[in-house]
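First comes the structure, then the notes that go with it.
The values are calculated or read from the model by the stated rules, or taken from the named source; none is laboratory data. The structure displayed is predicted, hence computed values, not measured ones. No Cβ is skipped: glycine too gets one built from the backbone with ideal geometry, and neighbour counts run over all protein chains shown. In case anyone asks, the SASA skips ligands and DNA or RNA and just uses the protein heavy atoms, side chains included. Shrake-Rupley method; radii C 1.70, N 1.55, O 1.52, S 1.80 Å.
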Amino acid sequence: MENFIVSARKYRPVTFQTVVGQSHITTTLKNAIKNNHLAQAFLFCGPRGVGKTTCARILAKTINCENPTAQTEACNECESCKSFNESTSFNIFELDAASNNSVEDIRNLVDQVRIPPQSSRYKVYIIDEVHMLSQAAFNAFLKTLEEPPAYAKFILATTEKHKIIPTILSRCQIFDFKRIKNDDIANHLAYVAEQENVFSEPEALHIIAQKSDGGLRDALSMFDQLVSFTGGQLSYANIVENLNVLDYDYYFKVADALLKGDISSALLLYQDIMEKGFEGQHFITGFSSHLRDLLVCKDPITNKLMEVSDTIRIKYGEQASNCSLAFLLKALEIMDECDLQYKDANNKRLKVEITLIKIAGLQQHHAVPVQSHTTETVKEKTIAPVKPAELPKENMFVAQPEITATPVVEKKTPDKEENPPIKLPSSGTISINKPLADSSAGEKKNIVAENKILSREELIKHWNFFAENIQESRPNLYFALSQSEPEINEKNVIGFTVQNSLQEQEIEKIKHNLLQYLRENAGGVNCKLSITLVTETKEAKLYTPKDKYLFMSEKNPILNALRANLDLDIDF
């Protein structure tokens, strides 16, 4: 039986051309070799498994090649290339700084540098994990690194550049390796699967690429493990089961349920996800990424930012067409808030469920259905919808409910313009696309509305809904409206009591908006509002230190005598 060689070693790149995802590095190195502009020291830094040591070996092999190709690659035929391939080269040395990090180890290296190469052009030292060297070892290495012999080249590799002292950094050419894109990893895995006669689905390879977090070595290690697990059948279902990855289908189903306002289905799907062993934080992160991909997918320009297979990309496009921009932005904001508060929540499951309920409510309160217009309707007089540019800045990305203008015509009062703008809530979707009825029909409608008496139950329902919609933007006003319940008589006069003059002033400012909202959502009933200030019959509340002292001294006159005897001053 032949010894098994892991894919990370078996398919390790041996030329600059086969390095995956680091073209900015390989192009620079090839040009430096071609133009004979090689530095005496290189520093390769970046995440794990992205090709730092591989590129260092390829560079060492290429600069010692006796017959490089026209593409500035090693020939693999000369004596130097053969000795390197067989790991018998006396001119290329690899050192592990994690286990050789003392001053004595660096002194031995410096002594070796003094001996010139016997059969090659350069003597190359590859020092891996160089950040593990001690402070004294770094200092001992400085002079040799700054002024080495012409035949000596140093290639340092590290995953933690910030741990290397500045004096070393200043003596090296620094090359920053980036994380490899998911598409590049998936393509390389497809090549390996083809070479190994392994069946693989593109979606499965993309899942492996995403799980590897930009590291090709990690991706190849997972590939070997999954081939053993599945018996050479890398299907999407097998990969999801083995890697403990939450399936795309769950995110699509949850998003569909939320778009329909189906809270029950969304909560049941989340229950199913939890029963499969996934934590709430995992779902929050994954669903936030799903909403982000839907947002990116809405614009063809940003569509390339999605790192998914073509099949999944099509599904994202179909679902994104059913989502409004306002819904996605607000949903992302809610998910981000949940992510920040999840760790501190005592009932974490309830926190996620409330978040899903909030997102489902966006469609119910903010969705505006698109209605078709006939040619005759367009010609008739219609009311122009509110444009986004006319909205307050804090509501730029929130879909505004449409409100139909009522046939009742009211004269503008001077104090109406002075009132701050307030967004009227709507208990249902109201269309503004229908043309206004003729004046005679409007007069009849007014007569019916005037004769109608608004019930107390209906008044309280609309009153509370109005108050809840301004709770976040106007908390003081919400408190004033929630202090007591309104009453109404047979003449549609609403009576409401307030506790102080400040509350009376707050309600007076939005009195016109409140009555307009009641009129539009209660069948056109014209109401009047009478605000009554409650006369305080009980003892006044004590707010300031002065009020408290005067109250106490009135109850206990001896308090003033005590203050006089002790010669105390009171700072009010």
(request) Kindly indicate whether Cys297 is closer than 21 Å to Val245 by Cβ and either among the basic types (Lys, Arg) or at pLDDT below 90 (or both). (result) yes
(message) Among the residues that make up region 214-229, is at least one of them assigned to a helix (DSSP H, G or I), in contact with an Asp or Glu (Cβ under 8 Å, 6 or more places away or on another chain) and open to solvent by 70 Å² or more (accessible area, probe 1.4 Å)?
(response) no
(request) Report, by residue number, each residue of region 51-82 that is open to solvent by 70 Å² or more (accessible area, probe 1.4 Å), acidic (Asp, Glu) and under 43 Å from the mean Cα position of the chain (by Cα). (result) none
(message) Quick test of your reading of the structure: Tyr151 fulfils all but one of (1) more than 29 Å from Val103 (Cα to Cα); (2) aromatic (Phe, Trp, Tyr); (3) open to solvent by 20 Å² or more (accessible area, probe 1.4 Å). Name the failing condition by number.
(response) (1)
(request) Select from region 463-507 the residues that are of a type in the set (A, V, I, L, M, F, W, C), open to solvent by less than 60 Å² (accessible area, probe 1.4 Å) and within 27 Å of Lys358 (Cα to Cα) and list them in ascending order. (result) Trp463, Phe465, Phe466, Ala467, Ile470, Leu477, Ala480, Leu481
(request) Could you list, in sequence order, all residues of region 131-159 that are within 40 Å of the chain's Cα centre (by Cα), over 25 Å from Thr88 (Cβ atoms) and touching a residue at least 60 places away in the same chain (Cβ under 8 Å)? (result) Thr158, Thr159
(message) Filter region 480-536 down to the residues that are assigned to a strand (DSSP E or B) and β-branched (Val, Ile, Thr) and list them by number.
(response) Ile488, Val493, Ile494, Thr497, Val498, Ile531, Thr532
(request) Filter region 243-252 for residues that are in a helix (DSSP H, G or I) and surrounded by fewer than 17 Cβ atoms within 10 Å (Cβ to Cβ) and give the result. (result) Leu243, Asp249
(message) Please go through region 114-126 and give me each residue that is out of contact with any Ser or Thr (no Cβ under 6 Å at 6 or more places or on another chain) and open to solvent by less than 80 Å² (accessible area, probe 1.4 Å), ordered by number.
(response) Pro116, Pro117, Tyr122, Lys123, Val124, Tyr125, Ile126
(request) For region 329-377, name all the residues that are in a loop (DSSP other than H, G, I, E, B) and either modelled with pLDDT under 60 or surrounded by 15 or more Cβ atoms within 10 Å (Cβ to Cβ) (or both). (result) Tyr342, Ala367, Val368, Pro369, Val370, Gln371, Ser372, His373, Thr374
(request) Name the single residue, out of those in region 303-328 being open to solvent by less than 20 Å² (accessible area, probe 1.4 Å) and of a type in the set (Val, Ile, Thr), that is farthest from Asn187 (Cα to Cα). (result) Ile312
(message) Take the residues in region 19-70 that are under 24 Å from Val113 (Cα atoms) and of a type in the set (D, E, K, R); name whichever of them is modelled with the lowest pLDDT.
(response) Glu66
(request) Consider Ile239 carefully, then state whether it is in contact with a helix residue (DSSP H, G or I) (Cβ under 8 Å, 6 or more places away or on another chain) and not in a helix (DSSP H, G or I). (result) no
(request) Could you list all residues from region 127-141 that are open to solvent by 40 Å² or more (accessible area, probe 1.4 Å) and on the phi < 0 side of the Ramachandran plot? (result) Asp128, Met132, Ser134, Gln135, Ala136, Asn139
(request) Looking for whichever is touching a strand residue (DSSP E or B) at 6+ places or on another chain (Cβ under 8 Å), more than 26 Å from Ser455 (Cβ to Cβ) and modelled with pLDDT under 85 here; the options are Asn492, Asn476, Asn500. Which one fits? (result) Asn500
(request) Return a yes/no flag: does region 251-262 have any residue that is closer than 19 Å to Tyr316 by Cα and either aromatic (Phe, Trp, Tyr) or in contact with a strand residue (DSSP E or B) (Cβ under 6 Å, 6 or more places away or on another chain) (or both). (result) yes
(message) I'd like the full set of residues that are under 24 Å from Glu160 (Cα atoms) and either in a strand (DSSP E or B) or of a type in the set (Gly, Ala, Ser) (or both), limited to region 173-198.
(response) Gln173, Ile174, Phe175, Asp176
(request) Could you figure out which of (1) open to solvent by 20 Å² or more (accessible area, probe 1.4 Å); (2) in a helix (DSSP H, G or I) isn't true of Asn100? (result) (2)
(message) Of all residues being in a loop (DSSP other than H, G, I, E, B) and either touching a helix residue (DSSP H, G or I) at 6+ places or on another chain (Cβ under 9 Å) or touching a residue at least 60 places away in the same chain (Cβ under 8 Å) (or both) in region 283-310, which is farthest from Asp249 (Cα to Cα)? Just the residue, please.
(response) Thr302
(request) Report yes if some residue within region 261-281 is in contact with a Phe, Trp or Tyr (Cβ under 6 Å, 6 or more places away or on another chain), surrounded by 20 or more Cβ atoms within 10 Å (Cβ to Cβ) and of a type outside the set (Gly, Ala, Ser); otherwise report no. (result) yes
(request) For residues that are in a loop (DSSP other than H, G, I, E, B) and either of a type outside the set (Gly, Ala, Ser) or at pLDDT below 85 (or both), tally how many sit in region 131-164. (result) 8
(request) Select from region 1-50 the residues that are under 34 Å from the mean Cα position of the chain (by Cα), open to solvent by 70 Å² or more (accessible area, probe 1.4 Å) and of a type in the set (A, V, I, L, M) and list them in ascending order. (result) none
